[in-house]
Amino acid sequence: MQNLLYICAVSFFMVSFISVSYAQPSAMIQAPQTATSYLAPTVDFKIMATAHSPAQPINAFLKDWDAPLTSGKYAYAQSRAALTIHPADSPIHYGLGWRYDYLIKFNEETAKLYWQYKNKQLVNKKASYSLELAAKHNERFGVNIGITKDLTPNWQLTTSANLWRGIHVLEGKAAGTLTTQAMPDSENIRNLERLDKTFTSLDYFYDKPALVEEDLNWFPEKPTGYGYSLDTQLTGKLSDKTILRIEGYDIFGKMHWHDAPSTRYLLDYDSNRRPNDKSEGDLTLNNEVQDLSWRVESHLTHDLNQDWQLGVHGQVNELHNIFQLSASYHTDYQDYPMMISGIVEPQTKAIGIALDSQLGGIKFMADDLNSEKAKRAEISLYGRYTW
């Protein structure tokens, strides 16, 4: 009976990975331009979060997968926060940072099987599924130091080195096949009893077990993790009215986890086999090296005249690339300049609005204002204080 619990792990594996990935909303915003040096001490605060979930609305992912299932092979949530200090008359800056990344990739059969399981709609005829799932999660806090350099009179490069202390980690994959058997429709028949056979491998490491490892008296201590990464920003003028800005986050980033708990199992079950299964595997502590999830954002803006500006914005990570179009209006209300932008994201049909000024700004966009239906959301906020 204990070995049968491992077969259930495929479902629990997906529960753990998919639900956590949407614990946070989304964002990006066009912050004030960086200067090579500041005339007075300045503090910048920025926070962003972005999420995209094509197969199910974000709210359904967090709860019971009770919305109609649509096509989709990935989902992600990426967030960051930074407090940066710019000393006066210096190109050096330093500060504190926080990052959260959760990226998950799966095939449509895995999503279908999980949706049927959650909605109690496992078919009563024999059906086969190919299981493919990979996920990467990392939350970290750290310090950074960087420098801004003028490459030419019109181009500027900023680089920052980050040192990280790990908060949470979970990374792994599942792959294999699963077949259900024909059984009468009855509430007394458990989902486990519908299994005919499965040959699936599980391999993941974590700071807290996500499956049923506690049934095996597995209560490991949280691992210690330290890491590093590089952030970079290139800003320049293509013409007097056209500006390009490219930002890269966690380039060449790695986390080193000491004594990270891991679960490795091969689930080989056949209802007609005697003995019933050949499941095998182990629970161990290992030193793991995790590649951090990188992210690149780009902004190309063009001033039509003194009042209007058009923009094209891109976002790229390991799973997907997406772009946005913006139209912005500059206002000078009572000597307080501000830019109001309308934003559209053609790939997801999300729309939004942004307000920018030299002291702060906010941006919000979504494909549906109803949180029960939204599959794409993004929000960001920044502020600047000078004394």
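The values are calculated or read from the model by the stated rules, or taken from the named source; none is laboratory data. None of these values were measured; they are calculated from a predicted model. Positions of Cβ are backbone-derived with ideal geometry, glycine not excepted, and every protein chain shown enters the neighbour counts.
Structure summary
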item	result
Condition check for Tyr382: out of contact with any Ser or Thr (no Cβ under 7 Å at 6 or more places or on another chain) and under 30 Å from Ala60 (Cα atoms)	yes
Residue match in the range 322-332 (condition: surrounded by 14 or more Cβ atoms within 10 Å (Cβ to Cβ) and within 19 Å of Ser79 (Cβ to Cβ))	yes
Pair list, Cβ under 6 Å, 6 or more apart: the range 205-223 residue crowded, with 18+ Cβ neighbours inside 10 Å, other residue outside any strand (DSSP E or B) and among the aromatic types (Phe, Trp, Tyr)	Leu211/Phe12
Test for Trp115: is it farther than 26 Å from Thr348 by Cα and either modelled with pLDDT of 95 or more or within 24 Å of the chain's Cα centre (by Cα) (or both)	no
When residues of the range 282-321 are limited to those that are surrounded by fewer than 18 Cβ atoms within 10 Å (Cβ to Cβ) and of a type in the set (Asp, Glu), the one farthest from Lys105 (Cα to Cα)	Asp307
Some residue of the range 284-307 being more than 30 Å from Leu170 (Cα to Cα) and in contact with a Phe, Trp or Tyr (Cβ under 7 Å, 6 or more places away or on another chain)	yes
Conditions (1) assigned to a strand (DSSP E or B); (2) farther than 30 Å from Gly95 by Cα: number failed by Gly311	(2)
Verdict on Val289 being in contact with a His (Cβ under 8 Å, 6 or more places away or on another chain), modelled with pLDDT of 90 or more, part of a strand (DSSP E or B) and among the β-branched types (Val, Ile, Thr)	yes
Test set (1) under 30 Å from Asp150 (Cβ atoms); (2) of a type outside the set (A, V, I, L, M); (3) assigned to a strand (DSSP E or B) - Ser90 fails condition number	(3)
Of all residues in the range 123-146 being surrounded by 15 or more Cβ atoms within 10 Å (Cβ to Cβ) and hydrophobic (A, V, I, L, M, F, W, C), the one that is modelled with the lowest pLDDT	Ala127
Considering residues of the range 367-387 that are surrounded by fewer than 20 Cβ atoms within 10 Å (Cβ to Cβ) and among the aromatic types (Phe, Trp, Tyr) only, the residue nearest to Ala81 (Cα to Cα)	Tyr385
Yes/no for Val296 being assigned to a strand (DSSP E or B), more than 30 Å from Leu151 (Cα to Cα), at pLDDT 95 or above and under 27 Å from the mean Cα position of the chain (by Cα)	no
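Residue-by-condition table, conditions (1) outside any strand (DSSP E or B); (2) under 26 Å from His52 (Cβ atoms); (3) in contact (Cβ under 8 Å) with a residue 40 or more places away in the chain:
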residue: Tyr102; (1), (2), (3): no, yes, yes
residue: Leu113; (1), (2), (3): yes, yes, yes
residue: Ser128; (1), (2), (3): no, no, yes
residue: Leu133; (1), (2), (3): no, yes, yes
residue: Asn144; (1), (2), (3): no, no, yes
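Residue-wise test of (1) closer than 30 Å to Leu285 by Cα; (2) modelled with pLDDT under 95; (3) touching a helix residue (DSSP H, G or I) at 6+ places or on another chain (Cβ under 9 Å).
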site	(1), (2), (3)
Gln156	no, no, no
Leu163	yes, no, no
Glu171	yes, no, no
Leu178	yes, yes, yes
Leu195	no, yes, yes
Thr235	no, no, no
Asp240	no, yes, no
